[in-house]
Amino acid sequence: MQIIDTGMISRSAPGTDRANLTFPAVVCLVDGTLMATWHSGTTKDGDDETIEVSRSSDHGKTWSAPERPFSIPILNDLRGTIKICYMTEIAPGRLIAAAMWVDRESYPGKNLFNPDTEGCLPMAIILADSYDNGVTWLPWREVPMPDDIGPPSLTNPMMQLKDGTLAMSIESNKHYDDASKWYQKVVLMHSTDEGRTWGEPVIAGFDPTGRIFNWDQRAAVAPDGRIGTFLWTYDTEAETYLNIHRRISADGGRTWSEAEDLGVTDQAAHPAVLPDGRTILAWVDRFHTQSIRARLAPAIDGAFDPDSEVVLYTHQAPTEDDTDQTGALGFSVWSFGLPYAETLPDGDVLVVYYAGTETAMDIHWARLAFDGK
């Protein structure tokens, strides 16, 4: 595996509402078009954040000027923002955008995460449909959530399983003022009617003692229909991140294998799976080498070969904030991360990520190629 090209999707504008471009994702449509989404705002968490979109018709080499195609809905008479958006193509030209909406009125001026309670602002998961390759979008609709999920985090694009069922990865949170012990979990929800209705959550990662958190579950469907998930794992007692853990499901996410330590730390990317099942996992090593790396495995449950490893990005000037392992507090100041991998029509893989300084972060890409593709 080797890096054959690199570039930038969008450059930030310091001192404006585009100073921090973060949380990128990319989807390759059936017609070969790439669509990238990312968060844009003055900061990584604030009242002016929104989602921008760019397209590429040459497999990621060049990109269109960023657009802001999504309105931000009023939910329960409250104004909010959209922090994260992923797109899934469920049929040629038929897209569903899944986004995480944040209530900005109930706790005016407060950050997403409450450092005193470990609670979060009220949030919601919203969906929008497009029938023309994302040129136009129908109005947003909210996905109902059980009370025990709390404010829901969206950690992955919706996955389409082999039978057409959609599966959505949701992470639980505590309410903003809830000072009780946090029993964090990540679940999958399923829809058999193109996302109009959703079944009850099925646990995909949970420690009943509350010690180990399974954060930012990234997942993909292999050609044989199995789902592989990759977890950013945090030990609350030691206050440190553990290695990435993988789980495999052979029944659409209803039951799971035991968590497997992959031996690399710390935050996994959305994996790319090639048509032959080979799987590429990028990850952020924020606390040791301050870099973004990637490895190749022969299958979604296979061993990731250390000899295949490539370094996608190295942070030149890590700050104390970048190496602080204080749970979820760090996300507002970390200035590189969140890689996301997608398979291209020619068999290469594109990895997008954000990087920069605390006041100006850009969206980058790197293209990976493989021997014998």
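Report, in debye and to the nearest 20, how large the dipole of the chain comes out about its Cα centre when Lys and Arg carry +1 and Asp and Glu carry -1 on their Cβ. Write down the numbers at each step before the final one.
Numbers: 29 positive and 55 negative charges, 122 e Å.
Its charge dipole is roughly 580 debye.
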| When the Karplus curve 6.51 cos²θ - 1.76 cosθ + 1.60 is applied with θ = phi - 60°, which whole-Hz ³J(HN,Hα) does each residue of region 298-303 get, with x for Gly and Pro? | x, 7, 5, 10, x, 6
| request: Specify, per residue and in Å³, the volume enclosed by the convex hull of the alpha carbon atoms belonging to the chain. | output: 128
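Viscosity 1.002 mPa s, temperature 20 °C: what is the translational diffusion coefficient of region 1-109 from Stokes-Einstein with a Kirkwood Rh over Cα pairs, rounded to a whole number of µm²/s? Don't skip to the end; give the middle numbers.
Values: Rh = 15.1 Å.
Reported coefficient: 142 µm²/s.
Can you put Phe23, Phe70 in order of Cβ neighbours within 10 angstrom, beginning with the fewest?
On the way: Phe23 24, Phe70 19.
Least to most surrounded, the residues fall as Phe70, Phe23.
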| note | Cβ density ranking, 10 Å radius, fewest first, applied to Ile125, Ile149, Ile363, Ile244 yields Ile149, Ile125, Ile244, Ile363
| message | To make sure I understand the rule: partners must be aspartates and glutamates, Cα under 13 Å from the Cα of Lys181, and not fewer than 8 residues away in the same chain. Which ones qualify? | response | Asp116, Glu118, Asp207, Glu237
| For region 78-161, the Rg and Dmax computed from alpha carbons only, in angstrom | 14.5, 47
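Sort Thr209, Thr229 so the one with the fewest other Cβ atoms within 10 Å of its own Cβ comes first. Write down the numbers at each step before the final one.
Values: Thr209 10, Thr229 28.
Listing Thr209, Thr229 from fewest to most nearby Cβ atoms yields Thr209, Thr229.
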| Under the Karplus curve 6.51 cos²θ - 1.76 cosθ + 1.60, θ = phi - 60°, whole-Hz ³J(HN,Hα) for region 80-86, x wherever Gly or Pro sits | x, 10, 10, 9, 9, 9, 10
| message | Please give the charge dipole size of region 1-154, origin at the Cα centre, charges +1 on K and R Cβ atoms and -1 on D and E Cβ atoms. Round to the nearest 20 debye. | response | 420
| task | For Arg94 paired with Glu309, estimate the spin-label separation in nm (one decimal), with each label point 7 Å from Cα along the Cα-to-Cβ line. | result | 4.3
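Once you keep just the Cα pairs under 8 angstrom separated by 6 or more residues, what percentage relative contact order results for region 2-369?
Numbers: 1007 pairs, mean separation 56.3, N = 368.
Relative contact order here is 15 percent.
None of the figures in this text is laboratory data; all of them are computed from the coordinates on show. Quick caveat: nothing in here was measured; it's all calculated off a predicted structure. So basically every Cβ, Gly included, is an ideal-geometry build from the backbone, and we count neighbours across all protein chains shown.
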